[in-house]
Amino acid sequence: MKSNLILASASPRRKELLELLQLPFEVIPSLVEEVMDEELQPAEMVQSLAQQKAKGVAKEHQHAFVIGSDTIVVSDNKMLGKPKSHDEAKKMLRNLSGKTHEVFTGVSIINGEKIHTFHEKTAVTFYHLTESEIEDYVLSGEPMDKAGAYGIQGLGALLVKEISGDYFSVVGLPIARTSRELKEMGFSR
Ligand SMILES: Cc1cn([C@H]2C[C@H](O)[C@@H](COP(=O)(O)OP(=O)(O)OP(=O)(O)O)O2)c(=O)[nH]c1=O
């Protein structure tokens, strides 16, 4: 019998990435309130948030495979989530300018009693950004709903000098690893 797949996310990017599997799935955003616990290491934090998102939806869908995911940017040991204002977005971009930071994406897949939770880490190096480049980019609106105040898949591509690791994980979902974990859990297409 074919398995049911649910993406517990409101992110249009994650939906696009999951579509790469060429499988039918349902999108049911999780209503979990994201709380950043500064005591946790980044890997633990994205895994914990991904798990909370998946659990929120899985408890109502026991037979499905439910995927939750969370992305944060870490620079100079500081965790950067989504900016709450243009000023905060500018601050984040100034912090990332001319340096290498890490993007952590946690993924949690739940199917009944089974749960697979993992993360991917990708290093991203930015070119040096001028103040007017930062200003223009923030005015484009693109940074506002994205961890670290940029989207590598959009205009933000112009800021990136180098990347080491899974590109898709930076966009919000490490799709190859996710597909492999689904298979390991017994998901049948
Ligand atoms: C670094 C980076 C992040 N992002 C996005 C991915 C995530 O959608 C977002 C981080 O926020 P998240 O809290 O991980 O996810 P979300 O609130 O958008 O969606 P949901 O919780 O419902 O699943 O930043 C990009 O789109 N491109 C990038 O280059």
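Where a number appears in this text, it was derived from the coordinates with a stated rule and is not lab data. Owing to the predicted nature of the structure, the values given are computational and were not obtained by experimental measurement. Neighbour counts run over all protein chains shown; Cβ positions are idealised from the backbone, glycine included.
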Handout entry: Reachable lysines, given that their alpha-carbon falls under 27 Å from the alpha-carbon of Lys2 and they are not under 8 places away in the same chain
Key = Lys15, Lys53, Lys55, Lys59, Lys114, Lys183
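Explain nothing, just the number: dipole magnitude of the range 103-189 about its Cα centre with +1 on each Lys and Arg Cβ and -1 on each Asp and Glu Cβ, in debye rounded to the nearest 20.
On the way: 8 positive and 12 negative charges, 124 e Å.
Charge dipole of the range 103-189: 600 debye, to the nearest 20.
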Completion exercise
The ³J(HN,Hα) series, computed from each phi in the range 116-122 with the Karplus coefficients 6.51, -1.76 and 1.60 at θ = phi - 60°, rounded to the nearest Hz and given as x for glycine or proline, is 10, 10, 8, 9, 10, 10, 10
Problem - Taking the chain and dividing mean pair separation by its residue count, relative contact order in percent (alpha carbons under 8 Å, at least six apart) - result: 24 percent
Fill in the blank from the handout: Taking Rh as the Kirkwood radius computed over alpha-carbon pairs of the range 1-88 and applying Stokes-Einstein at 25 °C with viscosity 0.890 mPa s, one gets a diffusion coefficient in µm² s⁻¹ of 171 µm²/s
Problem - Label-point separation in nm, Lys2 to Ser140, each point 7 Å along Cα→Cβ - result: 3.8 nm
Exercise for the section: Along Cα→Cβ, 7 Å out, is where each label goes; now give me the distance between the ones at Ser132 and Val160 in nm to one decimal. Expected result: 2.6 nm
Exercise for the section: Of all alpha-carbon pairs in the chain, indicate the percentage at a distance above 20 angstrom. Expected result: 52 percent
Fill in the blank from the handout: Out of Lys121, Lys146, Lys91, a Gaussian network model of the chain with alpha-carbon springs under 10 Å gives the largest mean-square fluctuation to Lys91
Completion exercise
Toy charge model, Lys and Arg Cβ at +1, Asp and Glu Cβ at -1: the range 5-184 dipole around Cα centroid in debye, rounded to 20, equals 300 debye
Exercise for the section: Please determine, in degrees from 0 to 90 and to the nearest 10, the orientation of helix 42-58 with respect to the longest principal axis defined by the Cα atoms of the chain, where the helix direction is its Cα long axis. Expected result: 40 degrees
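Over the range 1-71, what is the relative contact order in percent, taking alpha-carbon pairs closer than 8 angstrom and at least six residues apart? Each step should come with its number before you reach the end.
Values: 91 pairs, mean separation 29.8, N = 71.
After rounding, I find 42 percent.
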Handout entry: Zone of Thr100's modelled label, taken as backbone nitrogen in the range 148-179 under 11 Å from a point 7 Å along Cα→Cβ
Key = 162-165
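By how many nm would the segment from Met185 to Met36 grow when fully extended, if each residue of separation counts as 0.36 nm and the alpha-carbon distance is taken off?
Details: separation 149, 0.36 × 149 = 53.64 nm, distance 2.88 nm.
Net length gain for the segment: 50.8 nm.
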